[in-house]
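Below is one structure, written out as structure tokens, with a few remarks after it.
The values are calculated or read from the model by the stated rules, or taken from the named source; none is laboratory data. Worth saying up front: this structure is predicted, and the values here are computed from it rather than measured. A quick note on method: Cβ atoms are made from the backbone with ideal geometry, for glycine too, and the neighbour counts reach across all protein chains shown. The area values use the complete protein model at the heavy-atom level, side chains included, leaving out ligands, DNA and RNA. Shrake-Rupley method; radii C 1.70, N 1.55, O 1.52, S 1.80 Å.
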Amino acid sequence: MRFAIVGCGTIAQVMHIPYVTELPEIELYALSDPAEDRVEILADRYNVQHGFASVEELLAGVGEELDAVIVLTPPHTHADVVEQTLGAGIHTLVEKPLTVSPEDADRMVEIAEASDATSMVAYMKRYDPSYERAQEELAAVEDIDLVTAYDVDPDHVRILDEVYDIVGGTLPDQFVEESAAKRHADALSAIGTDDDALADDYDWHLEHVCHDVNALRGLFGDVERIDHVDVFADGRYATAHLVYEGGVRCILDSGLSERKWFEQFIRVDAPDRMVNVEFSNPFIKNTPTELTVKRGIEELEERTHVASYDEAFKREVKHFVRCTRGEAEVRTTFAEARDDVRLIADLFRTYEGAVTLGGY
């Protein structure tokens, strides 16, 4: 299959480009990024034949030769890019979050439903081997007392600079300013506010906590109710109390710190056991997720599993390829990702007092 990467920033360079080039069934055929100097360097580094400054140029140049694209542009641009790729009948994998605004998310679902091409969202944690094993463990749990989802990021830029040789790029000032203005306007609209600081907080937490929201969806289904939301520590932290299908209660914590370490887990407490999925830093390759299970009232049994060192990013691309061939079902759909955006927007609307409930 001939693939193109649209958007060649950090996550493209750390994960997607290297893994696509490793898979024997894929040929990385083209790169697209408005920073043309970055495209030139990466195309030379990975021996990619074609480079373009925009998705329009990409499709005009080699669109008929492509089988699939991975869209890694900023989320406020996803709808416009996907409209063109799916409209051209090209299988499309899109990074999360799906969009910044729920309106764009609705539009993307409509675009996907109108296309015969495969559409999938790159929620890699759903393809993590330990996460999949946790699903199996939880299938045997009849009653759940509490779910705790905790996700606090460090300053990833410091870590990335220590580990990777990231290729920067030169962008026109006007391009950067117009893009930032569009993204900020989408954030203001998404949560129905004129508070610039709160819109910025929503934007950051959207990119951050969408991973947790979707991972929780895969384990517990839809959110039925938002009970409480707080945004504090100058917007760096947000906490929500959610109720999932069947009355399962969840405390969701999202935060940004200056600490050196990354910490993210989903812990499930039941009357007789605890199941904890401890995720590794998503920017460090092949660091495994650990699954710990404790059970027992009279006697204690404790097991810790490292299911695999296989990288979740690579596994999601493999799954996407199988979906394009009709060999598997899409696990992380545009419709699910749209509901994630709606939920996160409503968390911030709830915090402001403008509550919109239902349909997550």
query: What 222 nm value per residue comes from the helices of the chain, counting each DSSP H run with n ≥ 4 as -39,500 (n - 2.57) and dividing by all residues, nearest 500 deg cm²/dmol?
result: -12500 deg cm²/dmol
In the stretch 290-351, the chymotrypsin sites (Phe, Trp or Tyr not before Pro) that fall in loop regions by DSSP, at most 12 other Cβ within 10 Å: TYR309
- request: Name the aspartates and glutamates eligible as straight-distance cross-link partners of LYS314: C-alpha to C-alpha under 14 Å, and not fewer than 8 places from it in the same chain.
  value: GLU22, GLU25, GLU95, ASP128
statement: Against the 2.2 N^0.38 Å rule of thumb, the C-alpha Rg of the chain sits at a ratio of 0.99
- prompt: Where the only charges are on Cβ atoms (+1 Lys, Arg; -1 Asp, Glu), what is the dipole of the chain about its Cα centre, to the nearest 20 debye?
  reply: 760 debye
task: Quantify, in whole percent, the carbon and sulfur part of the accessible surface of the chain (1.4 Å probe; protein heavy atoms only).
output: 45 percent
query: Ignoring ligands, DNA and RNA, what accessible area per residue does the stretch 136-290 give at 1.4 Å, in Å²?
result: 47 Å²
statement: Once LEU72, LEU171 are ranked on solvent-accessible area with the largest value leading and a 1.4 Å probe, the list reads LEU171, LEU72
- prompt: How would GLU327, GLU95 line up by accessible area, probe 1.4 Å, largest first?
  reply: GLU327, GLU95
field: Fraction of the pair-distance distribution of the stretch 285-328 above 18 Å, Cα-Cα pairs, percent
entry: 53 percent
Loop sites in the stretch 255-291: chymotrypsin sites (Phe, Trp or Tyr not before Pro), DSSP, at most 12 other Cβ within 10 Å: TRP261
message: Using only the alpha-carbon atoms of the stretch 230-279 as identical scatterers, what base-10 log of I(q)/I(0) does the Debye formula give at q = 0.32 Å⁻¹?
response: -1.19
- request: For LYS314, tell me the accessible area in Å² from a 1.4 Å probe, rounded to the nearest 10.
  value: 40 Å²
- line: Once the in-chain neighbours fewer than 8 apart are removed, the lysines whose Cα is under 28 Å from LYS318 read LYS96, LYS125, LYS285
statement: Low-density loop GluC sites (Glu not before Pro), the stretch 141-222, at most 16 other Cβ within 10 Å, DSSP non-H/G/I/E/B, are GLU142
- line: With a ≥ b ≥ c from the Cα gyration tensor eigenvalues, square-rooted, and the rule rounded for a/c under 1.5, otherwise prolate when a/b > b/c and oblate otherwise, the stretch 146-285 is oblate
- request: Report the relative contact order of the chain, percent, no decimals, based on alpha-carbon pairs under 8 angstrom and at least 6 residues apart.
  value: 20 percent
task: Measure nothing fancy, just the Cα-based angle from helix 78-87's long axis to the longest principal axis of the chain, in degrees from 0 to 90, nearest 10.
output: 60 degrees
Rel. contact order, % - alpha carbon contacts under 8 angstrom, at least six apart, the stretch 1-78: 41 percent
